[in-house]
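One structure is given here, and the rest of the page talks about it.
Quick note: the coordinates plus some simple rules give every number you see, no bench work behind them. This one's a predicted model, so the numbers in the text were calculated from it and none came from an experiment. Here Cβ is always computed from backbone atoms with ideal geometry, including for glycine, and neighbour counts include all displayed protein chains.
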Amino acid sequence: MKIVRVEAVPFAIPYVKPLRFASGEVRTADHVLVRVHTDEGLTGTAEAPPRPFTYGETRESIVAVIDKIFEPQLLGLSALERQVVHERLDRTVGNPTAKAAIDMALWDILGQAAGMPVSGLLGGYTDRMRVTHMVGFAPAAEMVAEAERIRDVYGITTFKVKVGRRPYTEDVAACRALRTALGSEAELYIDGNRGWTAAESARALQEMADLGLTFAEELCPADDVLGRRWLVAQSPIPFIADESATRAAEVTRELLGGSATAISIKTARTGFTASQRVLHTCEGLGVEAVMGNQIDGQIGTLCSVVFGAAHRSTSRYAGELSNFLDMADDLLSEPLTIENGTLRIREGAGLGIDVDPDKLARYRQDR
Ligand code: MUC
Ligand code: MG
């Protein structure tokens, strides 16, 4: 099972409805399809979504680091030698989504070779997750209309509301409007993408104390070290670290430093191997984890649900698995479907990713 090729194919698919949040905006899925090929004819597949404002990666940088740095170091290794693979990838700092996609593609190969689903190899807890939908910036009435549509069409009742606008009062009003419209059965939490200061965050949390929010995520920058600790110490709800804790070491630092009390796990940046390290760190420290979304396409979303459903603690909460609904199209031959607010993993060996060659030909950007 020797690696004979690591292919990085840039593609672009527009969003019907762009997602806007405090640290940026996504209008097009400028992603990279990563395929690892072996000498036995198996191909593992995953997707790398560059988020320049979060990790500094671009579509071009992902293709370049895979073509020029990673592929030459991995050729000839067995897909079973994953510790060696990671040792070589980790010689290079950064580039999280490029590394994660290679890791997940290797797990896909292992699953196919064993004739078993990756979800079972990872933990096999369940075959589905409840879905959280992310509501981006818009006037409050539009945010409410979107949440109601998503609830009515897909049965989703958990919403992550993007906050972090300034002044914060606009966000507080939007959250209140959502709670009023959706009622007490909806689960709501907020994500500031570092948009507020610690003081604004504290005021906003006080003003929303009656809204029954489940979590608060990255309301202010973790680099505001003492301000963030001050905020987290008084937060009435668990405070999720997302972009401030993109590796197990950062997770440990943020948690032990008192700058977070819960963690967002994104397979787009930690793959399966390092996501397990993050999850086990959280479990060991007694901290909750939520499956986040890197504004993934359907391939990335399938990877997220495979990981989230495989583990008991990540399947407790709804996972952020619906951003792909806003894309004009995608690459899978058989599109993902969300029914009754739930997304299921695919049956069969590996990850169950089957790329439609016509769609790839239409959206790829390298020909
Ligand atoms: C999220 O949870 O923050 C937006 C920016 C990013 O890095 O991820 C998305 C969603
Ligand atoms: Mg976030």
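Structure data summary
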| quantity | calculated |
| --- | --- |
| Exposure proxy order (Cβ contacts within 10 Å, fewest to most) of ASP356, ASP223 | ASP223, ASP356 |
| Spacing of the two label points (7 Å from each Cα toward its C-beta) at VAL16 and ILE69, in nm | 3.8 |
| Descending semi-axes in whole angstrom, ellipsoid equivalent of the chain, from the Cα gyration tensor | 33, 22, 19 |
| For the stretch 116-159 versus the stretch 279-345, the gap between their alpha-carbon centres in whole angstrom | 8 |
| Gain in span if fully extended, ARG91 to ARG203, counting 0.36 nm per residue against the direct Cα distance | 36.0 nm |
| Size of electric dipole in the stretch 194-262: Cβ of Lys, Arg +1 and of Asp, Glu -1, about Cα centre, debye, nearest 20 | 220 |
| Fraction of beta bridges assigned by DSSP in the chain that are antiparallel (%, nearest 5) | 55 |
| Relative contact order [Cα under 8 Å, 6+ residues apart], the chain, whole percent | 21 |
| Highest to lowest packing among 62-75, 88-101, scored as the average C-beta count within 10 Å | 88-101, 62-75 |
| Contour minus Cα-Cα distance for ASP224 and LEU360 (0.36 nm per residue) | 44.7 nm |
| Modelled FRET efficiency - R0 56 Å, MET1 with GLU142, Cβ distances, 0.05 increments | 0.65 |
| Per-bin percent of Cα-Cα distances, the stretch 199-332 [5 Å] | 2, 11, 21, 20, 19, 14, 9, 4, 1, 0 |
| Expected 222 nm ellipticity per residue - DSSP helices of 4 or more, -39500 (n - 2.57), all of the chain, to 500 | -11000 deg cm²/dmol |
| Span from the the stretch 1-64 Cα centroid across to the the stretch 218-275 one, whole angstrom | 24 |
